[in-house]
1. In Å and from the alpha-carbon atoms only, list the Rg and Dmax of the chain.
2. Tell me, Kirkwood radius of the range 126-246 from alpha-carbon pair distances, in Å?
3. Roughly how big is the range 294-425's charge dipole about its Cα centre, with Cβ charges of +1 (Lys, Arg) and -1 (Asp, Glu), in debye to the nearest 20?
4. How much of the accessible area of the chain, probe 1.4 Å, is carbon plus sulfur, in whole percent?
5. Just tell me which aspartates and glutamates come within less than 17 Å, Cα to Cα, of Lys344; anything on the same chain fewer than 8 places away is out.
6. Treating only the Cβ of Lys, Arg, Asp and Glu as charged (+1, +1, -1, -1), what charge dipole size does the chain show about its Cα centre? Round to the nearest 20 debye.
7. Give me the Debye-computed log₁₀ of I(q)/I(0) at q = 0.21, 0.24, 0.34 Å⁻¹ for the range 125-171, equal point scatterers on Cα only, no solvent, two decimals.
8. What percent of all Cα-Cα pairs in the range 241-339 falls in each 10 Å bin, counting up from 0?
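The values are calculated or read from the model by the stated rules, or taken from the named source; none is laboratory data. This one's a predicted model, so the numbers in the text were calculated from it and none came from an experiment. Because the Cβ atoms are built from the backbone with ideal geometry, glycine has one as well, and the counts that use them run over all protein chains shown. Note: areas computed on protein heavy atoms with side chains; ligands, DNA, RNA excluded. Shrake-Rupley method; radii C 1.70, N 1.55, O 1.52, S 1.80 Å.
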Amino acid sequence: MTTPPLTPADDAFAARLRAAGLPDDAFRPVEPRYLEEGRGILHGRAGLVVAPRSTEEVATVIRMAHEARVGVVPYGGGTGLVGGQVCPDGPAPLVLSLERMRAIRGVWPEENVAVVEAGAVLAEVQAAAEAVDRLFPLSLASEGTARIGGVLATNAGGVNVLRYGNARELCLGIEAVLPDGSVMHGLKRLRKDNTGYDLRGLLIGAEGTLGVITAASLRLFPRPAREGAALMVVESPRAALDLLALAGARIGAGVSAFELISGQGMGFLAETGCTARAPFADIPDWAVLIDLGLGPGDDPEAALADLFEAGAAAGLVSDGVIAHSQAQRAGLWAMREQIPEANKRVGAIGSHDISLPLSAIPDFLVEAGAAVARLGPYRVNAFGHLGDGNLHYNVFPPEGALMADFPGARDEVARTVHDLVAQHDGSFSAEHGVGRFKADDLARYGDPARLAAMRAIKTALDPAGIMNPGAVLG
């Protein structure tokens with residue numbers, strides 16, 4: 001049976017929302033910020049923008065949209081990188097912003113739990129945890145603007161996944177409005193709740209296609225008593241993996257992050273005038289940034305020095321810098337965190353958020369480098385979260401050229417990279433989601449049985465197809 005088309009979010013629908021009790025202060029001007037995504041590839045449309053202040057108001061909006069068959073695009077901080085927050089096609093949708101729902105509903109340090117609303121900014125949640133001497137470990141470059149609802153909707157990762165897991169692993173329960181306007185009350189603060197289907201896990205990562213997350217119970221952790229970091233030069237990605245194994249054997253769970261950094265990325269910092277720099281006279285081909293969080297009786301500097309000596313003895317490490325203060329540690333991380341900004345200034349032909357089995361990464365990097373070189377005189381900056389297998393494999397024009405000099409190359413490069421990822425049993429989307437940019441990739445690389453199950457779930461929960469139309473499943 002063919003689903004009837006959606007209708008636009010027009011003035012008549014706005015009148016219906018007001019008649020249903022949505023207050024005037026919930027309506028927002030249709031400003032450009034609601035219609036843009038960070039890479040400037042898509043420009044969205046919106047007939048209305050509303051910013052409810054409560055779960056009940058969200059439920060009213062969704063219920064009325066369901067009845068009127070109006071598309072709804074949930075909007076958090078707008079920091080997504082796959083176009084999930086903008087809708088460029090079809091009848092003008094309603095953009096549902098969670099920006100006014102940012103309360104920290106409660107913090108229970110003795111339980112290591114916080115309950116927060118979906119509009120809370122990630123940095124605000126981190127600060128609320130710190131205020132009670134706890135840690136919310138999810139850390140992203142966009143944490144000053146990303147909101148918890150979007151972080152959960154995309155199952156965001158970040159730099160600490162190695163130790164603490166993705167957003168899904170950091171969430172105990174959610175409150176959400178389903179596509180018919182009903183409210184799912186799932187904010188239990190429990191580690192164990194074996195009472196049927198994991199709807200929490202289903203809505204996390206669904207990118208707003210199965211409902212709107214309005215609040216979440218989040219896991220907190222004791223703050224590490226002592227922290228440290230080091231940047232170590234390695235001969236190759238394979239040596240980096242061997243060093244990761246060595247770090248696990250010698251330091252154990254104290255390794256919070258293990259980032260692979262390429263010489264190309266360090267070179268881009270200087271080329272584009274970024275303030276951060278690699279602390280080496282000669283830029284190496286490869287380095288790893290290692291971050292530790294240890295107990296009060298441990299010495300992170302000594303642990304890193306011991307790791308360096310063991311790595312050097314094994315032929316894995318040739319040079320390095322160990323932070324002797326929190327300011328030096330912050331400086332090392334600033335170098336890592338400015339690499340995406342340097343990439344943006346250079347202008348990528350293609351940016352690929354991929355994950356691979358750890359043992360496949362060295363061979364993949366060799367094979368992908370050769371395959372990309374056959375396509376053109378491109379430069380590659382491969383970097384990212386080696387500890388959990390997530391690489392950002394970005395392809396750039398040669399020095400002195402612009403990405404505009406290579407029209408049409410984006411799709412060719414992406415297909416080449418993603419085909420090779422699939423051959424190594426990896427994923428074309430590690431932590432950014434599918435959104436609209438990668439819906440075709442999901443159709444191409446996704447397992448048919450899994451895709452059929454996803455479509456069946458979407459049809460069962462959202463038969464009218466109003467939730468984030470065009471995202472994930474296209």
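1. 23.0, 74
2. After inverting the mean inverse Cα-Cα distance, the result is 16.4 Å.
3. On the way: 8 positive and 18 negative charges, 112 e Å.
So the dipole magnitude of the range 294-425 works out to roughly 540 debye.
4. Details: 10310 of 19750 Å².
In the chain, the share of accessible area belonging to carbon and sulfur is 52 percent.
5. Partners found: Glu36, Glu37, Glu271, Asp353, Glu399, Asp405.
6. On the way: 41 positive and 56 negative charges, 232 e Å.
My answer is approximately 1120 debye.
7. Each listed q maps to, in turn, -0.69, -0.90, -1.34.
8. Pair shares across the bins are 14, 48, 31, 6, 0.
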